[in-house]
2 protein chains.
Amino acid sequence: MAVYTEIDETQLNALLQRYELGCALSVKGIAEGVENSNYLLGTETGSYILTLYERRVKRDDLPYFLGLMDHLAAKGLACPTPIHDRDGNLLNEVAGRPCAIISFLNGVWPKKPTAKQCQELGAATARLHLAGKDFPLHRPNALSVDGWAKLVADCEARADSVMPGLAHDIAREYDALKAAWPETPGRAGDRPLPHGVIHADLFPDNVFFIGETFSGLIDFYFACNDYFAYEVAINLNAWCFEADGAFNVTKARALLSGYESVRPLTDGEVHTLPLFARGAALRFLLTRLYDWLNQVPGALVKPKDPLEYWKKLKFHRQVLGASAYGIER
Amino acid sequence: MAVYTEIDETQLNALLQRYELGCALSVKGIAEGVENSNYLLGTETGSYILTLYERRVKRDDLPYFLGLMDHLAAKGLACPTPIHDRDGNLLNEVAGRPCAIISFLNGVWPKKPTAKQCQELGAATARLHLAGKDFPLHRPNALSVDGWAKLVADCEARADSVMPGLAHDIAREYDALKAAWPETPGRAGDRPLPHGVIHADLFPDNVFFIGETFSGLIDFYFACNDYFAYEVAINLNAWCFEADGAFNVTKARALLSGYESVRPLTDGEVHTLPLFARGAALRFLLTRLYDWLNQVPGALVKPKDPLEYWKKLKFHRQVLGASAYGIER
């Protein structure tokens with residue numbers, strides 16, 4: 001739950017005068033969201049989200065994120081559209097913070113996703129991958145293999161306080177994944193795996209539905225360029241495990257068939273899924289472990305259990321191939 | 001900032017089926033609000049606030065609060081209207097909590113109120129007092145003199161940790177106010193001061209404006225029956241001191257003239273204002289001090305500085321009469 005930066009009506013009115021949105025009719029801080037301060041803003045022309053970017057978001061990355069939302073919305077993907085101000089800018093400043101006003105997207109995120117919703121999420125992910133193909137900016141994935149090295153090192157000394165032996169297991173897993181991971185896209189030799197813009201954080205709280213029907217994707221602040229199949233592997237981790245830790249292969253099959261209904265996976269992508277699923281599990285294990293070991297007293301956000309992703313990682317390590325996810329090739 | 005109880009889509013849909021509001025299109029936890037969990041709810045028929053009542057609100061008081069909002073809205077006062085379900089109920093239950101759905105009220109609360117806004121607040125307070133006259137339920141003010149006694153006792157042992165001598169000063173102030181306070185309304189002898197329904201918490205965050213124009217009152221969860229002039233005295237405390245502690249008599253004059261433009265104060269009320277202003281300052285000093293001394297580790301809400309109200313109390317103690325507030329009689 002998070003509103004880190006307060007704004008007063010003078011600041012809000014000065015900001016709104018830069019736009020053609022009319023006067024403020026209401027403004028409410030939203031409790032969801034971890035990284036930034038978000039306000040639901042009602043004006044004479046409609047409903048919007050006003051986001052103030054806090055310290056964890058690099059200012060230099062904002063043109064990529066906002067430009068991408070603008071690009072994807074123009075391509076017809078259901079996602080928030082950043083509003084251009086009178087001078088055409090997507091990015092402004094309020095209360096000493098970079099900020100943007102984006103369109104409000106209807107929908108509710110599923111606390112308990114159904115197989116039908118997994119199918120819709122799969123299809124939406126593939127539409128995102130296609131819609132991003134001609135987006136001209138490039139942002140490497142800071143949380144891929146190279147980024148994990150620093151997290152492994154930062155967590156090493158205290159990882160065993162969470163679970164005895166965890167530091168050693170993580171180091172071993174990291175070494176194995178680093179050795180097996182395909183070349184960075186772009187730097188690769190011939191026939192690299194398909195790659196492009198990915199959202200990189202398509203957890204249920206970033207995917208909206210009305211009933212069981214997909215209504216849109218939000219929160220593009222981890223978006224980057226990486227393998228499409230790696231995003232699919234993140235989604236398998238985020239959507240297809242039950243609360244008790246069991247892997248629900250029906251949901252996985254639905255997710256993958258939804259994806260392939262829009263963009264069929266290549267044989268290479270299918271074969272790489274177990275590796276990518278391990279990598280995705282390690283990535284969320286590492287960031288959760290880091291946040292767990294570095295809790296800020298009085299923080300508004302409670303850190304999530306890192307061991308949830310340790311268990312998911314163990315599952316992916318024992319699969320014999322992509323058929324474990326309900327896909328044959 | 002506060003959302004204490006999470007609800008999932010199954011619970012939300014089951015709740016909405018009791019109403020004639022259509023399907024949920026969006027639901028967002030609101031960061032504002034201290035006592036309850038509040039969600040901004042969009043449905044096919046409009047925008048609403050879904051409030052889940054948490055432990056600090058007594059369930060037995062909810063018919064008073066909700067019935068009052070219903071009554072006041074029907075009288076034309078700008079305030080949220082509780083929505084009746086298909087069976088006519090204002091109160092329901094979700095996620096194990098009592099809850100209500102109320103209409104969404106446009107407006108922004110003023111972080112830095114102007115004299116014009118103080119005038120509008122005064123007039124709205126008087127309209128509230130008139131509109132509540134024939135409301136049939138009765139709720140004594142739990143935070144009037146009798147209620148203070150318990151807070152004084154609870155804070156006594158540790159008050160000096162906040163400021164040396166504070167416990168003694170509070171005890172002395174409490175004794176003085178208890179001796180001078182008029183009889184409880186209803187129990188009084190002849191010619192009691194005018195009394196009826198008061199909001200009892202008309203701080204700026206509960207009063208909405210669009211620009212400088214009043215748009216409505218929210219958050220009736222301290223409403224009770226007490227002296228009208230005591231509410232006016234609370235408002236003087238909440239609206240007319242500057243951030244540096246200075247009392248702004250221009251704002252006080254605006255507030256009182258706004259009130260009297262709708263309902264003139266009696267001579268008795270005017271003469272009692274300094275006493276009531278001291279009482280109101282002590283009331284907020286005591287509740288803030290209690291919350292300060294009883295902070296819950298990991299609480300989502302940061303307690304407010306109790307000494308702000310100690311300084312206000314000192315101001316009211318040295319005034320020579322209501323003329324200090326810009327009103328002569």
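The values are calculated or read from the model by the stated rules, or taken from the named source; none is laboratory data. The structure presented is a predicted model; accordingly, all values stated were derived computationally and were not measured. As a convention, Cβ positions derive from the backbone with ideal geometry for all residues, glycine included, and neighbour counts pool all protein chains shown.
A few remarks follow.
- Residues considered: A:Leu307, A:Leu285. Of these, the only one that is over 16 Å from A:Val145 (Cα atoms) and of a type in the set (A, V, I, L, M, F, W, C) is A:Leu307.
- Residue within the stretch A:203-214 that is of a type in the set (S, T, N, Q) and within 14 Å of chain B (Cβ to nearest Cβ) present: yes
- Flag for A:Leu286 being assigned to a helix (DSSP H, G or I) and surrounded by 22 or more Cβ atoms within 10 Å (Cβ to Cβ): yes
- Complete set of residues in the stretch A:155-168 that are part of a helix (DSSP H, G or I) and touching a residue at least 24 places away in the same chain (Cβ under 8 Å): A:Cys155, A:Ala159, A:Ser161, A:Leu166
- So B:Ala124, is it within 14 Å of another protein chain (Cβ to nearest Cβ) and either in contact (Cβ under 8 Å) with a residue 24 or more places away in the chain or touching a Cys at 6+ places or on another chain (Cβ under 8 Å) (or both): no
- Restricting the stretch A:9-37 to residues that are out of contact with any strand residue (DSSP E or B) (no Cβ under 7 Å at 6 or more places or on another chain) and under 29 Å from A:Lys302 (Cβ atoms), the residue that is modelled with the highest pLDDT: A:Glu35
- When the stretch B:83-103 is filtered for residues that are part of a strand (DSSP E or B), of a type outside the set (A, V, I, L, M, F, W, C) and touching a Ser or Thr at 6+ places or on another chain (Cβ under 8 Å), the ones remaining, listed by number, are B:Arg97, B:Ser103.
- Subset tally (residues that are facing chain B (nearest Cβ under 10 Å) and either in contact with a Cys (Cβ under 8 Å, 6 or more places away or on another chain) or charged (D, E, K, R) (or both)) for the stretch A:5-28: 5
- Condition met for B:Glu120 (acidic (Asp, Glu) and either outside the structural domain of B:Leu256 (by TED's automatic domain parsing) or touching a Leu at 6+ places or on another chain (Cβ under 6 Å) (or both)): no
- Within the stretch B:59-82, being more than 13 Å from B:Tyr221 (Cβ to Cβ) and assigned to a loop (DSSP other than H, G, I, E, B) holds for B:Lys75, B:Gly76, B:Leu77, B:Ala78, B:Thr81.
- B:Glu269 touching a residue at least 60 places away in the same chain (Cβ under 8 Å) and surrounded by fewer than 18 Cβ atoms within 10 Å (Cβ to Cβ): no
- Selection status of A:Asn38, farther than 27 Å from A:Ala126 by Cβ and crowded, with 17+ Cβ neighbours inside 10 Å: yes
- Residue within the stretch B:296-304 that is surrounded by fewer than 17 Cβ atoms within 10 Å (Cβ to Cβ) and within 15 Å of B:Asp169 (Cβ to Cβ) present: no
Here is a yes/no grid of residues against (1) over 12 Å from B:Phe214 (Cα atoms); (2) among the small types (Gly, Ala, Ser); (3) surrounded by fewer than 18 Cβ atoms within 10 Å (Cβ to Cβ):
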{"site": "B:Val108", "(1), (2), (3)": "no, no, no"}
{"site": "B:Pro113", "(1), (2), (3)": "no, no, no"}
{"site": "B:Gln117", "(1), (2), (3)": "no, no, no"}
{"site": "B:Glu120", "(1), (2), (3)": "no, no, no"}
{"site": "B:His129", "(1), (2), (3)": "yes, no, no"}
{"site": "B:Gly132", "(1), (2), (3)": "yes, yes, no"}
{"site": "B:Pro136", "(1), (2), (3)": "yes, no, yes"}
{"site": "B:Lys150", "(1), (2), (3)": "yes, no, yes"}
{"site": "B:Ala153", "(1), (2), (3)": "yes, yes, yes"}
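- Residue check for A:Lys150: free of Cβ contacts under 8 Å to residues at least 60 places away in the same chain and closer than 25 Å to A:Ala229 by Cα: yes
- Scanning the stretch A:41-58 for residues that are of a type in the set (S, T, N, Q) and surrounded by 16 or more Cβ atoms within 10 Å (Cβ to Cβ) turns up A:Thr43, A:Ser47, A:Thr51.
- Selection within the stretch B:67-80 - surrounded by fewer than 22 Cβ atoms within 10 Å (Cβ to Cβ) and farther than 13 Å from B:Leu105 by Cα: B:Gly67, B:Asp70, B:His71, B:Ala74, B:Lys75, B:Gly76
- Residues within the stretch B:113-154 that are in contact with a Pro (Cβ under 7 Å, 6 or more places away or on another chain) and assigned to a helix (DSSP H, G or I), tallied: 1
Yes or no, residue by residue, for (1) modelled with pLDDT under 95; (2) within 13 Å of another protein chain (Cβ to nearest Cβ); (3) out of contact with any Asp or Glu (no Cβ under 9 Å at 6 or more places or on another chain):
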residue: A:Cys79; (1), (2), (3): no, no, yes
residue: A:Asn89; (1), (2), (3): no, no, yes
residue: A:Arg97; (1), (2), (3): yes, no, no
residue: A:Ile101; (1), (2), (3): no, no, no
residue: A:Cys118; (1), (2), (3): no, no, yes
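- Listed conditions (1) of a type in the set (Asp, Glu); (2) surrounded by 16 or more Cβ atoms within 10 Å (Cβ to Cβ); (3) at the interface with chain B (Cβ under 9 Å from one of its Cβ atoms) are all met by A:Asp61, apart from (3).
- Of everything listed in (1) modelled with pLDDT under 95; (2) within 14 Å of another protein chain (Cβ to nearest Cβ); (3) on the phi > 0 side of the Ramachandran plot, the single unmet condition for A:Gly186 is (2).
- Contacts under 6 angstrom Cβ, first residue in the stretch A:29-42 being closer than 17 Å to B:Asp205 by Cα and more than 7 Å from chain B (Cβ to nearest Cβ), partner in a strand (DSSP E or B) and modelled with pLDDT of 75 or more, 6 or more apart: A:Tyr39/A:Val27; A:Tyr39/A:Gly29; A:Tyr39/A:Leu50; A:Leu41/A:Val27; A:Leu41/A:Tyr48; A:Leu41/A:Leu50
- When the stretch B:188-229 is filtered for residues that are touching a strand residue (DSSP E or B) at 6+ places or on another chain (Cβ under 7 Å), in a helix (DSSP H, G or I) and buried (at least 20 other Cβ atoms within 10 Å of the Cβ), only B:Phe228 remains.
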